[in-house]
Every structure is written in C-alpha cells, then in structure tokens.
1. Suppose the filter is crowded, with 17+ Cβ neighbours inside 10 Å, out of contact with any helix residue (DSSP H, G or I) (no Cβ under 6 Å at 6 or more places or on another chain) and more than 14 Å from every other protein chain (Cβ to nearest Cβ); does residue B:194 pass it?
2. Kindly indicate whether any position in the range A:163-175 is more than 13 Å from chain B (Cβ to nearest Cβ), surrounded by 19 or more Cβ atoms within 10 Å (Cβ to Cβ), within 16 Å of the chain's Cα centre (by Cα) and without any contact (Cβ under 8 Å) to a residue 40 or more places away in the chain.
3. Take residue B:108 and decide whether it is over 30 Å from residue A:95 (Cβ atoms), at pLDDT 90 or above and not in a helix (DSSP H, G or I).
4. Residue check: is residue B:153 buried (at least 19 other Cβ atoms within 10 Å of the Cβ) and within 14 Å of another protein chain (Cβ to nearest Cβ)?
5. Which members of the range B:159-168 meet the condition of being buried (at least 16 other Cβ atoms within 10 Å of the Cβ) and over 18 Å from residue B:76 (Cβ atoms)?
6. Which ones in the range A:66-99 are more than 13 Å from chain B (Cβ to nearest Cβ) and either within 22 Å of residue A:46 (Cβ to Cβ) or touching a residue at least 40 places away in the same chain (Cβ under 8 Å) (or both)?
7. Looking at (1) facing chain B (nearest Cβ under 9 Å); (2) within 30 Å of residue A:19 (Cβ to Cβ); (3) surrounded by fewer than 18 Cβ atoms within 10 Å (Cβ to Cβ), which one does residue A:144 not meet, given that it meets all the others?
8. Exactly one condition in (1) within 14 Å of another protein chain (Cβ to nearest Cβ); (2) within 17 Å of the chain's Cα centre (by Cα); (3) farther than 26 Å from residue A:61 by Cα is not met by residue A:157; state its number.
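The values are calculated or read from the model by the stated rules, or taken from the named source; none is laboratory data. Please read all numbers here as calculations on a predicted model, not as lab measurements. Note that each Cβ is placed from the backbone with ideal geometry, even for glycine, and that neighbours are counted across all protein chains shown.
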C-alpha cells in the first residue's frame, strides 16, 4: 500500500477526523528535528483507532497535533471537515498520568467542564458518570486517596462528562499494573459501547491494540510515518486465544519489526 | 515508659531550663541571667504594660510590611512567571536587588520615612518582596503541563483559567514561600526596631542594654521573639493543612 494514499473510510460511516500531509518539526538548539512526516489517515465517526509504534517515535506528538495542542509544521488536521486550530472541549485528551486535578474531589473533577450547566443538570451528569466509571462512594474523595486505576477512570469520566465527539487517550493505562490494565480495557470497551464516541488511543502495547481497536495505525520510528493500517475484524467480546486474534497479533508484531521469539 | 507525643518536647525544654538555671547559679556573674530572672523580667514588663505594647507594635509592623509585599509581589511574580518575556526583562534587576540585605536599606528608609513605623514597615516590605516574587515566579514554572493543557482543553476563558487552574496549582508552593518569608519578616522587624523606631521588641533589647545593662530584659525580649516566631510559623502551617491546599504533599 502506498503511504501517501488516504485510507478509504468504512462505507457506512462518515469520516470524523482527517489528516492531510501532517508533519511536525521540532526546533531544538537551532536545528529542526522531524517528529512526524506526511501523515495521512481518516477516522470514521464512532470508530476506535489505536496508534502503535516504537517508543519515542512520535505517537504522543501525533495525538497532540490531532487534539490541537501543537500546531503542525506542514499539512493539517480536520474534524468534521473543519480545520483544527487549537484545543476544543468537543475533543478531550486523556493523559497518561497526573491528569486529574489533585485539588478537586472526584465530584469536582467530573464537574470541572460543566460550569456552564445549571446546578441540577451538573449534579445529574456527575452522578451518571460516577456510576459509569464505578466510583460510587468516592464522590468526596481527593485523587490522592484513589488508586492509579481509579484516577484514570476519573479522568475518563471527566472527559466524557462534557459530551465530546472525540476522545484522545495517550497511553492512558501505561502506568498501571498489568492486572488493572486488563480490567481497564474491559471498562473502556463497555463505556465505548454504551456511549459511542470516536476514540484515538495511543499505546505501545500490541495486545492492547488488538484487543481494543477497530483499526490499528502502525507508525514507523522517528520521524514517524504511517507504515501500515491493520483492520481488526474480530467482533467484541474478543477471544484472545482465537486463531484470528493470534494471527493479527503476529502480523502487528511483524509490522513493528519484532521477532517471533525472544 | 510511654509518654504522650507532646510531652517529650515540653520535658526536654524543662530539662534545658533546669540546666540553664543550675549553670548560672554555679557561675554567678555577668554571663547570662537565669530563667528565673528572665521570668521576673517578663512579669515586670507585663506589669508596666510594656510587654503587650511592644509585642503589638512589632506585630503591627510585620503585618503591614508582609501583607503589602504579598499583595504586590505575588501577583507580579505570577504574571512574570507566566509571560516569559516579562521575566527576561525584569530578571537582571531582580537579581541585583535581591542579594541586598534589607538591613542595608535602613539609612534609606530613615531618609525617606523618618524614624517611625513607616520606616520599619518599609524595611519589612523590602525584606519580603523579593523572596515572595521569586516564590511566585517559580510556582508558575512548576505547574505541571498536564494541568495547563487540561484547563485549555475544557475551554476555560482566561479569568476562569486563573481562578480554577492557575491559582489552585500554585497555592501550595505560595503558602510554603509565605511561611518562610514571614519568618524573614520577623527577623527583619527586630533589626529594624533596633535602629529605626523607639518601640517594639527589637527596641526593648537595645534599650534595656543601653539604659543600665538590664540583661534580664534583653533575654526576656529574645524569649518573646522566639515564642511569637513559633506561633507565626504554626499559624502558617495550619493554613497548609487545609485539604484542597495540601495536594502537593501526596500528589506530584
């Protein structure tokens, strides 16, 4: 497949996010360091896309550019056909860690983006999302009293509460232990299936990508280019020991350039 | 034997006082008045109404000088810290003025304000201004980028951003800096009162020595300075214990 060719979106869904020849060059000590080069892809409405690639390749840079936190050096990002010029509450970025405000309670964090709503409406949403991320009983707790997994669920709840179209998740489970990580994946899928949002999810975990994504965008090492895009054609819930799962997992490993055996 | 926590320092201080008294009794002379003599001096000051008057005078100057410095240095420091260009412009001036001891300003303070409260307040202001300015600047620099990005992501206007992200993010570091600076203010007021005014605990110390070598009064003044300094520090620490202020201790 040619790298510059835009990916055809799934036929029954309209494109939500689109990048055109996106490139980012960092200036460091007077020299330009290319982080992203010629990134072209489309994401359909309601689709779950994972971005994977070797560590330090520019996955987070890409996510920051998509979210409008970083102005691209070349090319552009469009959401609903509208060029992204800065961060926007319609698309929320969830950070790897320390993303929740430590000076606010669980309720305060979820209500952070809701100050324009009436009090009753705000309370209703807070209750709804506390239930959704299963933090009942911790309404008045501060983040310092929560475990790592609970903090990440809180961050997801805070993001969902403002009713965004797109969620960007930057290795959201990267700092959690492996058991919590597996549980969190299930929780995220459950939430995604109840409240369908477009999700872009950066990870360096091959299994995580194959378990979660509709499609996996594989990035090359720096400067990151799109190496390939893999469609995960397994319906949820996915059997992680099925032959198809293992096949896709192997294919992804091969694309990233890892050997079969250690 | 299991002692309550608070009892240990009390017992230790009591033991030190006993050693002090015994040492002074063994070597009568001009080394140092003993704790009993100091206590008598404190009672004497209290009876003349001077103790309360001097304590109030010193606290009054510290309060005004410190509050003025807080009101000016903290907003200015936050602004300079946020806008890198402003900081670049101001930094050389700050770095030149900062190492000048507030005591070096005493002649200028007297020249401008004469001998009196204003001169002392000015000296405390100068002593507090630069530490607070630098605290506020570094507090802004230390705000984790995720909080700033999250604030921008939820579409806050600049006033909302200041109230809901910037202010709570810097408050633990500001309180820390204010506590240390209040200690500095308490150091400066004593020095300022030795020269620039004729009341207050600093004046008491100099005056007691000059008017007849009353070292019991000198040490009584020192004890009061120490005790009030401790109370001020405890008061600032109790502010830091407010739950939504203390997040830094458990979360970085």
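1. Considered against the rule, which asks whether it is crowded, with 17+ Cβ neighbours inside 10 Å, out of contact with any helix residue (DSSP H, G or I) (no Cβ under 6 Å at 6 or more places or on another chain) and more than 14 Å from every other protein chain (Cβ to nearest Cβ), residue B:194 comes out as no.
2. Yes, because at least one residue in the range A:163-175 is more than 13 Å from chain B (Cβ to nearest Cβ), surrounded by 19 or more Cβ atoms within 10 Å (Cβ to Cβ), within 16 Å of the chain's Cα centre (by Cα) and without any contact (Cβ under 8 Å) to a residue 40 or more places away in the chain.
3. The answer is no for residue B:108.
4. Numbers: buried (at least 19 other Cβ atoms within 10 Å of the Cβ): yes; within 14 Å of another protein chain (Cβ to nearest Cβ): yes.
Yes: the conditions hold for residue B:153.
5. Taking the range B:159-168 first, the residues buried (at least 16 other Cβ atoms within 10 Å of the Cβ) are B:161, B:164-166, B:168.
Result: B:161, B:164, B:165, B:168.
6. A:72, A:73, A:74, A:75, A:76, A:77, A:78, A:79, A:80, A:81, A:82, A:83
7. That leaves (2) as the condition not met.
8. Result: residue A:157 passes all but (3).
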